[in-house]
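Read the structure below first, then the notes.
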Amino acid sequence: VTGALLNPDEVTYHRLLEVFFATHDPTTLNRQGADWGTRYRSLILHTGDDQKDQAEAFIRELESTGSKGGPIVTEVVQLEKFYDAEEDHKQFYLNNSASMYCQLVIKPKVDKVRGEFAEHLR
């Protein structure tokens, strides 16, 4: 979101959690597909107790349904400091959509969001 504030009247925190868990594997520790290391961990950074409680309740619900096929390893941690992305990472998919990484890794996730959450997109 590049530092923009979310308008909760347009997209709820719960909807963000739905999109987050629909577009990555929260059951693999420090790994997403072929990418591995702590930078690829499943992590939610919250800004207050309400967000923390909602995220933890959402994870408990996912675990109770077994819909993810294994234990959820997503960390829920207080946001300490926000770091703006480096310039070459901003709009990465839009600027590099023809690259093999974008085609094989990012495009299927973008397509999934467009398909499952189309009513929330502009």
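Summary of values
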item	result
Projected label distance in nm at Leu43 and Lys68, using a 7 Å step from Cα toward the beta-carbon	1.6
Separation of alpha-carbon centers, the stretch 20-67 and the stretch 72-122, rounded to whole Å	15
Residues whose placed amide H lies under 5 Å from that of Leu43, excluding near-sequence neighbours	Glu75
Of Gln91, Gly48, His120, farthest towards positive along the dipole that unit charges on Lys, Arg, Asp, Glu beta carbons give the chain	Gln91
Reported label for calculated mean projected area of the Cα convex hull in nm² given [x] 8.5; [y] 8.0; [z] 9.6	[x]
Charge dipole magnitude, Cβ of K and R +1, D and E -1 - the chain, Cα centre, debye nearest 20	460
Rounded to the nearest 10 Å², the accessible area of Thr12 at probe 1.4 Å	70
Burial ranking of peptide ranges 13-25, 74-86 (average Cβ count within 10 Å, highest at the top)	13-25, 74-86
Separation in nanometres of the label points that stand 7 Å from Cα toward Cβ, at Tyr83 and Arg15	3.0
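The values are calculated or read from the model by the stated rules, or taken from the named source; none is laboratory data. What you see is a predicted model; the values in this text were computed from it and never measured. As a convention, Cβ positions derive from the backbone with ideal geometry for all residues, glycine included, and neighbour counts pool all protein chains shown. Keep in mind that these areas ignore ligands, DNA and RNA; they rest on the heavy atoms of the full protein, side chains included. Shrake-Rupley method; radii C 1.70, N 1.55, O 1.52, S 1.80 Å.
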